Structure formats: C-alpha cells, structure tokens
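**Student:** Take this structure first; my questions come after.
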Amino acid sequence: MFREEEDSSRSATREAPRNHGAKKAKERRRHMYLKSIEIRGFKSFADRTLLDFNNGITAVVGPNGSGKSNISDAVRWVLGEQKVKSLRGGKMEDVIFAGTDFRKPLGFAEVTLLLDNSEKRLPIPYQEVSVTRKLFRSGESEYLINNTSCRLKDIHELFMDTGIGKEGYSLIGQGKIEAILSGKMDDRRALLEEAAGIVKYKSRKEESEKKLGNTEQNLLRVQDILKTYDERIGPLKREKEKAEEFLILSKEQRSISISLILSDLEDFEKEQKILVSRRDAAQKEYDQVAQKRLLAGEKLEAIEQSMEEKKARENEQKGLFYEKRDESEAIHRDLALLSQKIEDRQAQILKNEKAQSITEERVTLETQAKEQLALEIKEGQEKIQEIQQLLQGKKDRVKELDNSLKLSENAQKGLRDEEEDAEEKLKFLQEEVQGYYSQRDTLKGKIDHTRSVLDGYQASMTMNLMAKVDTEKEMAALEEKRRVQEQYLVLKSRETQEVQDTIKSIELSMKNMDVELRGQDAQMQLLKNMEHQFEGYTKAVKSLMTFMKNSSHKLKDQVHLVGEVIKPKSGYELALEMALGSQVNHVITPTDQDAKTLIDILRARSFGRATFFPLNVIKGFQAKDPQLKRGKLLGNLLTLVDFEPKYQGIAANLLGRIFVAKNMEEGLVAAKEMGYSHRIVTLEGDIINAGGSLTGGSIYKKSSGIFSRKKDLEDLMASHEALQEKRLEELAEKQSLEKVLQEKSRMEREASFGLNELNLEKTKLAERLEGFKKDVGRLQQVMEQTKRSHEHQKEEMALLVADIEKLDDKIQGFSKQKVKNKDYLKELKEKRTKEFKEFDELNSYIMEESIKEGRLEEALEAKKESFQKQEDMLLELAKQLRSLAEETIQLKEERTLAKETKEALEEKQGMLTKEVAALEKALDEMSMEELKDKVLLKEYAQEERTLDEEFHVLDKDLYKVKDALEKLEKENQSLLNKINDELNLTLAEAKEERIPMEDKDLFRKKLNTLRREISSLGHVNVAAIEEFREVSEHSTFLSSQKEDLEKAKLELKEIIMDMTLRMRTLFTENFKVMNENFNDTFRRLFQGGNAKLILGDGDILEAPIEISVQPPGKKLQNITLMSGGEKVLSAIALTFAILRMKPTPFCILDEIEAALDDANVYRFAEFLSEFARETQFILITHRKGTMESADALYGVTMEEKGISKIVSMDLSAARRKNG
C-alpha cells in the first residue's frame, strides 16, 4: 500500500524537464550546480515533491499563497537556518505540515538538496553530494550528508566560502535586498566577507582563538595547582614527621587510659550501692510528712474559701446600701429645683401677656399711615408718565438730526481727503510714465545684442558635437578589445587564486592538524597517566595497587581490579559504572590466602580497607532473560560487557542478576512485570533496585569515570591515527598544486601586461572625449542661459507696454473725479446749516421738561421709601406677636409638667428611706460573723507553717542524696562513652586490652606526661604521610603538562597571526575588484551614474562598509534616500557584482524584482541570461519579463486546498519547436 502511494506521488510530482536544452545545458555544466530539491512534509508540501534542475535559469511561478516561497524557505532550512522568523513562523515546529480539513498533520518534515560535485568544488570525495535535514514533531532533528548522520557545523564547513548557506548570497529574497542596503552593518559586512572568500579563514581564526583561550585557562589552572603544590610540599613534610611521632605517643596513651578508666568504673560501682540505700530511707520519711502537709493545706483552703464567699455577700449588701442612699439624696435635690422652676414659669407668662396687648395697638396705627402713602405715590406716577410721553417725540427728532449731521460731516471730510490724495497720485503717475518710456528704449537694445550672441554659440556647438561622435566610435572599438582582454585576465586570476586558496587551505588545515595532534598526544598522555596512577579508585585500593606495582611482591602481576578486567561495550559505560558503584574498587586475587596476605599489607601500612574477590572462591550465575509482554529490556548486563574467561565467576557474581533498560520509563514497566525481583539499570545511570526502590538523579562528574576514561583513550588513539594519515594525503596534494600555481601565475602576468597597455590607450581617449563632453556641456549651459535671458527680455518689454497703457487710463479717471467732488461739497454745506438750527431749538425744549420730570421723580422716590419702611415695620410687629404667643403656650406646658414630676418624686423618696434602714441593720450582723472566721483561720495557718518547715528540711536531704547518685551515674556513663567513642571499643574489648596496674597515681602521672608531650606537638595531620607522597607525584606530572600547554599556546598564536594576515590581504584585493564590479553593473543597470562601496576608518576586517550611489542626472546620495525601485535595482547591481567576482554554484532569487517597472525587469532579465553561463539561477517570480528569460518553468498550484503541487514546462524545447 505504501509503495503504491509513493510511486503515484513520484509520477505526479516529478514532471520536471529532464532533457530539454540538452546541448545548452552540456555547455554550461562546467561547475558545481544544484541537481534537485526533494521536499516532504515541509509547510504546504505535504507529499513527496521532487524538483529537478539543469544549468541555466529556472522560474517558479504561481498565484499568491500557493507555496512558491516555501521552496526558498526549504533550501534555507536545509542549509541550517535556526531563526524561525526567517522561515516566517512562530516556532520551529511550524515548518512541519500542519494538516488541512481533509488531511491529518504529518509527524516530520524532510528536505534534501542534491548537488553535482564532479569538479570537486566541495571538499568531499563524491561525484554527487546530498544534504538532508529532518525535524520531528517531538522536537528531535538530524542532519545528513550523503545519508550519513552529521552535525550542523559539518554542513557549514562543507559550503564555507562557496556563497551557499543560510546567510550567503546564494539565497536572496525581498528581505535580503533590504538588509543589503539598509540593514545592520554587521549583516552587510557578513555578506561581503562571504563574497571576498575570508569566511573560512575567519572561522578558523575564531576556532583557534577559542582553543587559545581554553589553553590559557588550562595553563593558568595548572600553574595555580603547581604553585599550591610547591607551597604545600615543605609544610607537608614537617607534618608527616610530626604525625609519625604522634602515632607512637598516642598508642601508649591509649593503653594507660583504658586501664585507668576501668579502675575508676569499679570504684564508682561500690560508691553507688551506698548512695542507693541512703536515698530509699530519706524518700520514705519525706512521703509521710508530705501527706500530713497536704491535709493541713486542705483545711486552711476550706476556711479561706468560706470567708471569701461571706465577704462577697457583704460587699454586695454594702453596694446596694450606698446605691439606695445616694438615690434618696438625689431625689431631694431634684424636688428643690422643680419648686423654683414652677415659680419662674408663672412670672414669665404674666409678662408675655402684657407685651402682646401693647404690640396689637401699634399695628393698627401703622396700617393707617401705610394706606395714605400708597394714594400719594399713585398720583405722582401719573404726572411723570404724561411728561415722558411728550418728551419722547422731541428726542426722536433730535436723534435723526444728529445722525444726519454726522453723516454729512464724514462725507465732507472724505471728499477733502480724497481730493488731496488724488492730487498726489496724479503727480506720481505722471513721473512713473516717464520712467517706463526710458526703460523701454534700453530693453530694446539688449534684445538685439542677445540675438547675435546666440547665433555665435550655435556654430561652436555643431563643431564640438561632430568631434565627439568620432572619438566615441574610436573609444567603443577600444573598449571591446579591453573587455575581451579583461575577461581573459579575470579568468586566469581566478584560476590562480583558486589554486592559491586551495594551497593556503591545505597549509592551514595541516597546521590545525599539527596543533590537534599535539593536543591529542597531551590528552592521551594524561589519560594514560591517570590509568597508571589508578585515578578514580578509593584511596586504599589506589595505595595498595601502587605499592604492588612498585614492589617485587610475588603477587605483583596476579592482582587486578574489577574496573580493569571488565570492559563495557560501546554505549554501556555509564550503565556499568552505576551498576557496579563502589564494587569497581574490589580487588581480584588468585586465592583467598592471597587476599588475606593483601589485607595484612593494608593493615600494616595503614592504607585503609578494601574488598577482595578470590578467583578460587567467588562464583556466580546469570539470570535468565524474562519473558515480558509490555516491558522492553536491552539484555542482561553480563552479556553487554567483555572479560577473559577466567573472570566469568566474578563477572557473573557482580552482573549476572542485573538487567539493562533504555530509560527509566521502560525500566519501570519491565520491573513491574518481573515483580521487582531483579535489579535494572538504565543507559542514563538510573537504578531500579530489587524490591522497588529507585536510585537516580544528576551525576556529578568532576572527571571522567573509570570505564568512560578507557573508552576516551581508545577513541583518542583511533582519531590520532586517522589524523596522521589525512595529513600525509594533504601534504602530497599541496606539492602537486604548487607546480600548477607556477604555470598559472606566468599566464596571469602576461594577461595583466596586455590589459595595462589597453587601459593606457583607453585613458588617453577618455581624456580627449571628456574634453569634448565638457565643451559641449559648457556651450549647452551658456546657450540655455542666453535663451532664457532673451525670452525674459521679451517678457519685460511686453509688461512695460501694458503698464504704460494702464497708467494713462488712471490719470484720465483722476481728473474727472476731481470735478464731481467740488459740486457735491457745495450741496452738503447748505443742508448742514438748516439742520443745525432745528437741532438747537429742540434741545432747549427737552432740557426744560426734563428738569420738571426730575423733581417729580425725587418726591415720588421719597414716598416709596416711607411706604416700604411702613411695610417692614408691620411685618416685624406681626412676627413679635406670633413669638409671644408661642412662648406663652410653651411656658404653661413646662409649668404643668414640673408639678406632675414633683409629686412622683416625693412618693419615691418615702419608699427609699425605709429600704436604707433595713440594709444598714443586715451589714452590722455580717461584720460580727467575719471576726469569728478570722480567729479560726489563724489557728489553721500556724499548723501548716510547722509542717512546711519539717517538709523542706527532708526535701533538702533527699535532693542531696539523689544529686550525688546522679553525678556518680554521669561520671560512670562518661567513662563508658569515652571507651565507646574516643577509644572506639566495647567494654569487653577494653577489658581485654587492660594492662596490670599496681600504683594508680603513678599511672595517672605518666598519662599526664604523655598528654603534655602530645599537646606540645600542636595540630597533627595524620593524613599528611600519604598526602605528602601523592602531592610529590602530582607535582611532577603537572610540570610536564605545563610544558605541553605552553608549546601549544605559541603554535596557536602563530596560526591566528597567519589567518589575520591572509584575511587582510584577500579582503583588500577582493574588495577592490568588488567595488569596480559594483560600479560597472550599476552603470549598466541604470544606464549611467556611479556607485561605490566605502570602507570606513579602522581595521579593514572590522570597519563599517557604506554604500554610496549616484543615479544618472542626480546628486551623489546615501542609499537610504532613494526610492523603493532604485534601492532594489542598486541591491541587484551589488548582487551581480559579487557573482561576477565569485560566482556561486546556484542562486535562488525570491521575487527580488517585484518593485521594478517593466523596462528594468527586462534589463534585469538580460543580466540573468549573461550570468547564467557561470551560475545556475532559480527564480520565484510574478513578472512576465523574468519568465521569458527562463529555460524551464515550474508552476506551483493548490488543486487541493492547503496542499502545494508542482507542474513544469521546458521553455527551451518550446522555443526550438517554434523556430
């Protein structure tokens, strides 16, 4: 089923033109080119899609959203693109086909490029080279070269300095165009460095600098350690001697201490029996007195509790007595206050009634006066209204006359001003007309002179143009010869440079190999020394094996370690190391007697402790592989290691019951099925123990493990041998290329000499042509200026004539207006005389009547004020009456309430007097009962004090006995702890080591003497004995390592200097060529103008690179100021300049001409056709002009929504068929 689907996909997608343009393709296949792209599961290409390519131009077309640019993204991705934004995604998983409404998502994406390498431009011994990248949805990815797994770094190095790569100039899209011109300076420089061919040197330099940094760090660490060792050796020697003396004294001190402690323990046991007897007697007497004391306390407590209860009742009665007495006194005071309040309210009521009667009489009088004033005000208002109506008519007429006089006055004044202004303007216009007549005569003379000058310039222009045309024809013929010679020189230079680059690359590679070989030698020596010195084993095992190796003991060659005889298969080193754990330190001996002999050596030399496996005793078995349903195991660990047959029993004993799983998940499943009966270890070092406990986590690796170290040494030796063979091959290749270089250099010098002669001749013709051009340009400028001057003079003449006519019309108009103004002034004067007379008469009449009106209004206003005062007074009197009435009512209510309250309080006071007398009698009875209880309490307290004194005396005696017994037990326990902790013995063991002791005091003096002697030694480091030996050995080893590192450091510095020099030389040469090519391609694409690359100040390898362009007819400007189309065309010019200097095997252009107009698109297509001789082009485009230049056409469609499909057309074959 799967095979049928794959065959159907292949037949549907592999419709690419295979044989079209066969002859043309054969001519072009002189260099490496892209043969095909295979895409599967990448973005919209869900099915396996194969695109075949030949040399020349292939166009990829299709509607928006069909997936054209996904082809470009696929190439960028397979070459190692790691930035998801560059692939138009949010995360790397987005490049995997995500599915549609009718298709499920795929689990991986895969892209393969197949390149023709028959010319061996790639440093790999294959005719065809395939590069593959896979990405799985789980996040795993892999790279392959010719179906062999590799690193991303290997792919970068494979295509280094070929122009191919995710950042190279073989992949150019619209974003790349913007980055070339306006992007970051680092991005632009990286592109130009790739073109200049210094990237591989830069990469090797950076790698060497990194190695140099690591070497310097290692050297510093070694120097620091050596310095530490040098500082430690002297003090360690002194500490070692002190430690040896300390061990002798300590041994004697131990024996005496044991004997003294055991003697003290026996004395303590006797004293303890006496103290126990005394304690029992004191405890019995103490208990009896305590019982009597308890009974007396209970009686005293009972009487005190009774007295407290009676006291509480007495206090309660007292409180009630005082409360009733205070309440009776308060009522007495309130009655006195109420009597006084009733008298005050009665007096106030009488006073208010009298005041109310007087106010009512006054209200009647004031109301009569108010009515009389209202009548007088009405009569005054009627008289004033009659006068106002009469005056209003007269005032309206005065207003009309005043407005008329003002208007006539303004008109009279305006006419006078206008007359004076007209006189001045008339005089000015007459003077101005005379000036215009003079200017007209002068301008007429200038026009005649300019016409004669133009005729002379035209004759000179004709002569210069004829001479310029002749010189240009001669220049074109010479340029053709120079172009042919230049192409020949470029070809030879490129061939020479390629040979030189190859030789330099081989030399650099050999130097790097030499450095790497020396580094490997040092690393191998280090690993061998670590093996030799048993690094990684316990101190005891390390000391024992070192002793055996350096001695002539009969077991010297028969003793081995588990870590030496068992060797893991590849990939199982960590699993074996974790499974064995500390067992890797076990020592293997021929017999158990040999093991006993070695244990005696460990004890005698204080090396420590170790475990031994005698071959004649240790046996083991291999557990059978379990039959699992769900779990999966890699096998029994015993089958995954190698060892000699004689160690079968030991290997089986250690590993026979241990199984290996790939990871913890698979291990847990298998363990559960096995019932947790066996131990399982994973390849990551985690352990599932029998019974179900787990051991795992991170592993601290300060240095390589024992098994890993052995594998590292084997891998290093194999790599060292392969590197030596490769160096011999490159040396032979270098010698062969040096002979080829001599011949290429001779041919390049001859071509350069011929080109220089043609350039000299071209310079002479160019200078002559430039002279003609300058003369023609200068004449054109002068003629243009003269023509403009002539036209300007004509325009000035026409304007002068028009101005003169306008001025004559204005003068005639001013004269007529002057006569009209005089007649109008006379009429205004007569009219103003009549209106002034009537205006004065009316004003006199209005004045008299206004005086009468004012007097009447004053009298009326005085009466209105009196009327208002009467109204205010009446309102105030009414308010007073209401206030007196309300106050009288309130006073009567308060008087009634006070009388009622007084009667109630008198009744309550009588009842309280009786209650107070009864409470006073009860309190007297309680006081007598309290006196009786106090006498009884005093008797009980005296009895308790007597018992307390007796109890405290007994308690003190008992405490002394117990304290003495406790101290004795502590001293006894302290001596036992001393035996257990300090001497590390049990009591039985101490008794066995006890020595006879006649005089205990004499032994104590001797012990003190030994302690003083040990104390005088100060701090003692017993480990200094072994540490001194180890430090001495390590110091010698590190000194040799320091010499190797210093030698490697010098060699790396030489390589870095050599790389820097090569990069500067190569960049300088190629930058110059690139600049010339840029200017040439720019002029051809823009049909004129200039362009150049400007290298900034500073180191040429780090200086910024600016782009300066001058389109034809414009000033020199920065690239950022150009239009969008100009920017794109400039970037294309720079791209073609790079391709001319260093063609890339293939170049993918993704709609870079989208912003160009049709004319520039066709010019761009012509350039493509020219460069297609050296470079294979794959275009993603929408433009008709670009499609017409293609040899083959791929169409991208989406027959099924979301799935891109490919169709193809052989345009070359179609052109041949159509003639």
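The values are calculated or read from the model by the stated rules, or taken from the named source; none is laboratory data. Please read all numbers here as calculations on a predicted model, not as lab measurements. Because the Cβ atoms are built from the backbone with ideal geometry, glycine has one as well, and the counts that use them run over all protein chains shown.
**Student:** For segment 1011-1048, give me each residue that is touching an Asp or Glu at 6+ places or on another chain (Cβ under 6 Å) and in a helix (DSSP H, G or I). First the steps, then the outcome.
**Tutor:** Looking only at segment 1011-1048, we keep the residues that are touching an Asp or Glu at 6+ places or on another chain (Cβ under 6 Å), and these are 1021, 1024.
The one that is touching an Asp or Glu at 6+ places or on another chain (Cβ under 6 Å) and in a helix (DSSP H, G or I): 1024.
**Student:** Sort out which residues of segment 98-134 are within 21 Å of residue 55 (Cα to Cα), assigned to a loop (DSSP other than H, G, I, E, B) and of a type in the set (A, V, I, L, M), and write them in order of number.
**Tutor:** Answer for segment 98-134, where residues must be within 21 Å of residue 55 (Cα to Cα), assigned to a loop (DSSP other than H, G, I, E, B) and of a type in the set (A, V, I, L, M): just 122.
**Student:** More than 60 Å from the chain's Cα centre (by Cα), closer than 30 Å to residue 258 by Cβ, at pLDDT below 75 and basic (Lys, Arg), is that true of residue 934? Reasoning before the result, please.
**Tutor:** Working: more than 60 Å from the chain's Cα centre (by Cα): yes; closer than 30 Å to residue 258 by Cβ: no; at pLDDT below 75: yes; basic (Lys, Arg): yes.
For residue 934, the condition - more than 60 Å from the chain's Cα centre (by Cα), closer than 30 Å to residue 258 by Cβ, at pLDDT below 75 and basic (Lys, Arg) - is not met.
**Student:** Let me ask another. Applying the selection to segment 73-103, what residues are more than 30 Å from the chain's Cα centre (by Cα) and not basic (Lys, Arg)? So that I can check it myself, show each step before the final result.
**Tutor:** Looking only at segment 73-103, we keep the residues that are more than 30 Å from the chain's Cα centre (by Cα), and these are 99-103.
Hits for segment 73-103 are 99, 100, 101, 102.
**Student:** Which count do you get for residues in segment 697-726 that are among the basic types (Lys, Arg), farther than 19 Å from residue 571 by Cα and at pLDDT below 80?
**Tutor:** Keep residues of segment 697-726 that are among the basic types (Lys, Arg), which gives 701-702, 709-711, 726.
This time we only want the ones that are farther than 19 Å from residue 571 by Cα, so: 702, 726.
Imposing the further condition that a residue be at pLDDT below 80 reduces the set to 702.
Summing the residues that are among the basic types (Lys, Arg), farther than 19 Å from residue 571 by Cα and at pLDDT below 80 in segment 697-726 gives 1.
**Student:** Can residue 616 be described as of a type in the set (S, T, N, Q), without any contact (Cβ under 8 Å) to a residue 60 or more places away in the chain, surrounded by 16 or more Cβ atoms within 10 Å (Cβ to Cβ) and under 20 Å from residue 559 (Cα atoms)? Explain how you work it out, then say what you get.
**Tutor:** On the way: of a type in the set (S, T, N, Q): yes; without any contact (Cβ under 8 Å) to a residue 60 or more places away in the chain: yes; surrounded by 16 or more Cβ atoms within 10 Å (Cβ to Cβ): no; under 20 Å from residue 559 (Cα atoms): yes.
In short, no.
**Student:** Now for a different question. Among the numbered criteria (1) modelled with pLDDT under 80; (2) surrounded by 15 or more Cβ atoms within 10 Å (Cβ to Cβ); (3) polar (S, T, N, Q), which single criterion is violated by residue 550?
**Tutor:** For residue 550, the exception is condition (2).
**Student:** Quick one: in segment 1066-1102, of everything that is β-branched (Val, Ile, Thr) and under 35 Å from the mean Cα position of the chain (by Cα), which residue is modelled with the highest pLDDT? Break it down into steps so the answer makes sense when it comes.
**Tutor:** Initially, segment 1066-1102 is screened for residues β-branched (Val, Ile, Thr), giving 1068, 1073, 1081, 1094, 1100.
Next, only the ones that are under 35 Å from the mean Cα position of the chain (by Cα) stay: 1094, 1100.
On the way: 1094: 81, 1100: 77.
Checked segment 1066-1102; the qualifying residue modelled with the highest pLDDT is 1094.
Results for (1) of a type in the set (Phe, Trp, Tyr); (2) under 30 Å from residue 224 (Cβ atoms); (3) surrounded by 17 or more Cβ atoms within 10 Å (Cβ to Cβ), shown as yes or no for each residue.
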residue	(1), (2), (3)
1041	no, yes, yes
1068	no, no, no
1107	no, no, yes
1111	no, no, yes
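**Student:** Still on this structure: Which ones in segment 1171-1187 are under 39 Å from the mean Cα position of the chain (by Cα) and of a type in the set (S, T, N, Q)?
**Tutor:** Scanning segment 1171-1187 gives a single hit, 1181.
**Student:** For segment 268-287, check the following and say yes or no: at least one residue is in contact (Cβ under 8 Å) with a residue 24 or more places away in the chain, β-branched (Val, Ile, Thr) and surrounded by 13 or more Cβ atoms within 10 Å (Cβ to Cβ).
**Tutor:** For segment 268-287, residues in contact (Cβ under 8 Å) with a residue 24 or more places away in the chain, β-branched (Val, Ile, Thr) and surrounded by 13 or more Cβ atoms within 10 Å (Cβ to Cβ): absent.
**Student:** Listed residues 663, 585; which is touching a residue at least 12 places away in the same chain (Cβ under 8 Å), under 55 Å from the mean Cα position of the chain (by Cα) and surrounded by 19 or more Cβ atoms within 10 Å (Cβ to Cβ)?
**Tutor:** Values: 663 fails: surrounded by 19 or more Cβ atoms within 10 Å (Cβ to Cβ).
Answer to the selection: 585.
**Student:** Another question about this same structure. So, of the residues in segment 62-73 that are in contact with a strand residue (DSSP E or B) (Cβ under 7 Å, 6 or more places away or on another chain) and farther than 13 Å from residue 173 by Cα, which turns out to be surrounded by the most Cβ atoms within 10 Å (Cβ to Cβ)?
**Tutor:** Across segment 62-73, the extreme among qualifying residues is 67.
**Student:** Might you check whether a residue that is touching a residue at least 12 places away in the same chain (Cβ under 8 Å), within 50 Å of the chain's Cα centre (by Cα) and within 30 Å of residue 588 (Cα to Cα) occurs anywhere in segment 646-657?
**Tutor:** Taking every residue of segment 646-657 in turn, at least one turns out to be touching a residue at least 12 places away in the same chain (Cβ under 8 Å), within 50 Å of the chain's Cα centre (by Cα) and within 30 Å of residue 588 (Cα to Cα).
**Student:** Only residues in segment 1071-1090 that are under 19 Å from residue 494 (Cα atoms) and in contact (Cβ under 8 Å) with a residue 60 or more places away in the chain count as the first member; pair them with residues that are β-branched (Val, Ile, Thr) and surrounded by 19 or more Cβ atoms within 10 Å (Cβ to Cβ), Cβ under 7 angstrom, at least 6 apart or cross-chain, and list the lot.
**Tutor:** 1074/1138
**Student:** What's the number of the condition residue 1138 fails, among (1) closer than 26 Å to residue 1064 by Cβ; (2) over 38 Å from the mean Cα position of the chain (by Cα); (3) part of a helix (DSSP H, G or I)?
**Tutor:** Among (1) closer than 26 Å to residue 1064 by Cβ; (2) over 38 Å from the mean Cα position of the chain (by Cα); (3) part of a helix (DSSP H, G or I), residue 1138 violates only (2).
**Student:** Is there any pair linking a residue in segment 749-765 that is among the polar types (S, T, N, Q) to one that is at pLDDT 75 or above and part of a helix (DSSP H, G or I), with Cβ under 6 Å and at least six apart or on different chains, and which?
**Tutor:** As it stands, the answer is 752/489, since those pairs meet every condition given.
**Student:** A further question follows. Going through 1007, 1017, 983 one at a time, which residue ends up being in contact (Cβ under 8 Å) with a residue 60 or more places away in the chain, in contact with a Lys or Arg (Cβ under 7 Å, 6 or more places away or on another chain) and farther than 15 Å from residue 244 by Cα?
**Tutor:** On the way: 1007 fails: in contact with a Lys or Arg (Cβ under 7 Å, 6 or more places away or on another chain); 1017 fails: farther than 15 Å from residue 244 by Cα.
Only one candidate passes the filter, namely 983.
**Student:** Assuming residue 552 fulfils every condition listed in (1) more than 48 Å from the chain's Cα centre (by Cα); (2) part of a helix (DSSP H, G or I) apart from one, which condition is it?
**Tutor:** (2)
**Student:** Within segment 963-975, is even one residue surrounded by 13 or more Cβ atoms within 10 Å (Cβ to Cβ) and not in a helix (DSSP H, G or I)?
**Tutor:** No, segment 963-975 contains no residue that is surrounded by 13 or more Cβ atoms within 10 Å (Cβ to Cβ) and not in a helix (DSSP H, G or I).
**Student:** Could you say whether any residue in segment 62-82 is part of a strand (DSSP E or B), within 20 Å of residue 1201 (Cβ to Cβ), β-branched (Val, Ile, Thr) and touching a residue at least 12 places away in the same chain (Cβ under 8 Å)?
**Tutor:** Just the residues of segment 62-82 that are part of a strand (DSSP E or B), to begin with: none.
Checked against the condition, which is being part of a strand (DSSP E or B), within 20 Å of residue 1201 (Cβ to Cβ), β-branched (Val, Ile, Thr) and touching a residue at least 12 places away in the same chain (Cβ under 8 Å), segment 62-82 yields no hits at all.
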